[in-house]
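The values are calculated or read from the model by the stated rules, or taken from the named source; none is laboratory data. Only a predicted model underlies this, so the values are computations on that prediction, with no experimental measurement involved. Cβ: placed from backbone, ideal geometry, glycine included. Neighbour counts: every protein chain shown. Calculation scope for accessible area: heavy atoms of the full protein, side chains included, ligands and nucleic acids excluded. Shrake-Rupley method; radii C 1.70, N 1.55, O 1.52, S 1.80 Å.
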Amino acid sequence: MSYLTLSITLIFVIIPLLLSKTLRLGLEKDTLIATVRSIIQLLAVGYILKFVFDSENLLYIGLMVTLMIAAATQNARKKGKAIEGITWKIAITLVFIEVLTQSILLGFQIVPPTAQYIISISGMVIGNSMVLSILFLNRFTAEVETYRDETELILSLGGTPKQAIHRQLINAIKASMIPTIESQKTMGLVQLPGMMSGQIIAGADPIQAVQFQLLIIFLLLTTAAVTSALLGFLSYPSLFNQRMQQLREKH
């Protein structure tokens, strides 16, 4: 695809701009900002990745993964401001899921230990983990506030913080995992996943593309489960003080 051809695809940006203007949605500015940022960021990342792929230097690979984790942490933490220390809790979760998945992939030689595979797969894993963290924190904080009186009652009857928060924690973990599970149920019937479609467009054998997509599907399922559970069990103790009393939400 040439830059001229790419510029023609801006038609797909003009259409929502016209709709926003016509329907008075007020999304023109946000749409333009999102478009410009995506162009700049993706082109910059493209050139950086080309340099990293060509160099095959472990230091550069590590820096790219660290940058991804830092950016994902910064974005996800906004939904958990009421939880003390949420930034490092999210960072630990992202680092753990990255180490876990890469250890399995490289340890069992499922993929080659090259920058092309490590960075690409890490991007999908970390990005998905970030979204799941946001979904979990959004639901968890809402559950905590909704059942605050119930939690106080359990604590007053001698229950531990873990017992008092168990229902809210499980509900939030389940809610954050459901989108991943439901999307996988219709994979191949309702949608062709991005990685598979990209490989097919690039000329890869469809069966080979399916095999790689299945790898990513299974990988993201683990990401969903581990991210939600680990972040949940790291977060809930921060909602109580040393005397096992529930803390009020910070605004």
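Quick rundown of the values:
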quantity: GNM result for the chain, Cα springs below 10 Å: residue of SER228, SER197, SER20 fluctuating most strongly; calculated: SER20
quantity: Size of charge dipole - the chain - debye, nearest 20, with Cβ of Lys, Arg +1 and Asp, Glu -1, no other charges; calculated: 600
quantity: Inter-probe distance in nm under a simple model that places probes 7 Å from Cα toward Cβ, at ILE39 and ASN138; calculated: 2.8
quantity: Compactness of the range 80-183 - radius of gyration and Dmax, Cα, Å; calculated: 17.5, 56
quantity: Loop chymotrypsin sites (Phe, Trp or Tyr not before Pro), the range 92-183, which have at most 13 other Cβ atoms in a 10 Å radius of their Cβ (DSSP); calculated: PHE108
quantity: LEU58 paired with ARG24, simple spin-label distance in nm, labels 7 Å along Cα-to-beta-carbon; calculated: 6.2
quantity: Shape category assigned to the range 1-88 from the gyration tensor of Cα positions, a/c cut at 1.5; calculated: oblate
quantity: The chain, accessible surface, carbon-and-sulfur percent (1.4 angstrom probe); calculated: 67
quantity: Centroid-to-centroid separation of the range 22-36 and the range 195-251 [C-alpha atoms, Å]; calculated: 30
quantity: Accessible area in square angstrom per residue, the chain, 1.4 angstrom probe; calculated: 61
quantity: Fluctuation leader among ILE170, ILE121, ILE15 - the chain, Gaussian network, Cα springs under 10 angstrom; calculated: ILE15
quantity: For the chain, alpha-carbon Rg relative to the globular expectation (2.2 N^0.38 Å, N residues); calculated: 1.19
quantity: Shape of the range 1-148, Cα gyration tensor, a/c cut at 1.5; calculated: oblate
quantity: DSSP loop trypsin sites (Lys or Arg not before Pro) with at most 12 other Cβ within 10 Å excluded, longest remaining stretch of the chain; calculated: 25-242
